[in-house]
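Here's the structure we're looking at; comments come further down.
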């Protein structure tokens, strides 16, 4: 299994600002993903973070709003840009190998005021 | 389209009893499923997985059953403990790529 950490664990941000969330894996993983989880809801995939190339975004999510970087096999960042209160959510990073098992970080709890 | 859903949003069981959490899926081509446990304030924790070439898989106090005929899987927890109280999600691998589709989640409450 992989151990995944995220920074920050939580933040309160003002409308119109941006926040970058970091995801660090303790071992090299083939796959990294970013999910969003509204309070009391299930997880929705934002994008697949591809190492050395542009992320693959799901319908409803765009690069200008959620730019993602993945410079190597253990690290990725997600930026939530030009935030609005609707962006208040939990943002989760996951990683795994091509055997399909995915392990999740603890999440970043974002509140936009 | 692909979708994964759960039969019951909440489940209350007494400590020591067995728990069964159900999940239905709609994509007959799904070949891999995972159960996750999410405690309050934490990320989802991998519990157990199963591939479509299996009907049953057992772990420590947990068993996952897969019925491909009716596109249904279940998570059975033996001798449920207070520490099992959490939200449980089933997830299926998508047809393409390695990302997962998650079900809505079942909240399990273990009472003394």
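Taking the range A:75-92 as the range and being farther than 12 Å from residue B:42 by Cα and buried (at least 19 other Cβ atoms within 10 Å of the Cβ) as the test, the residues that pass are A:76, A:78, A:80, A:83, A:87, A:89.
Restricting the range A:1-25 to residues that are surrounded by fewer than 14 Cβ atoms within 10 Å (Cβ to Cβ) and at pLDDT below 95 leaves a set whose member that is farthest from the other protein chains (Cβ to nearest Cβ) is A:3. So which residues in the range B:88-112 are within 17 Å of residue A:102 (Cβ to Cβ) and either in a strand (DSSP E or B) or more than 14 Å from every other protein chain (Cβ to nearest Cβ) (or both)? Result: B:88, B:89, B:90, B:91, B:92, B:93, B:100, B:101, B:102. Checking each residue in the range B:18-40 for being in a loop (DSSP other than H, G, I, E, B) and closer than 17 Å to residue B:109 by Cβ picks out B:18, B:39, B:40.
From the list A:51, A:38, the one residue that fits, being surrounded by fewer than 16 Cβ atoms within 10 Å (Cβ to Cβ) and either within 8 Å of chain B (Cβ to nearest Cβ) or under 23 Å from residue B:46 (Cβ atoms) (or both), is A:38. Put simply, of A:105, A:95 the only residue that is at the interface with chain B (Cβ under 9 Å from one of its Cβ atoms), in contact (Cβ under 8 Å) with a residue 60 or more places away in the chain and either buried (at least 21 other Cβ atoms within 10 Å of the Cβ) or over 23 Å from residue B:47 (Cα atoms) (or both) is A:105. Scanning the range B:2-31 for residues that are buried (at least 17 other Cβ atoms within 10 Å of the Cβ) and modelled with pLDDT under 85 turns up B:4, B:6.
The residue of the range B:32-45 that is surrounded by the most Cβ atoms within 10 Å (Cβ to Cβ), among those that are over 15 Å from the mean Cα position of the chain (by Cα) and facing chain A (nearest Cβ under 10 Å), is B:43.
The values are calculated or read from the model by the stated rules, or taken from the named source; none is laboratory data. Remember, predicted model here, so these are calculated numbers, not experimental data. Glycine gets a Cβ as well: all are built from the backbone with ideal geometry, and neighbour counts include every protein chain shown.
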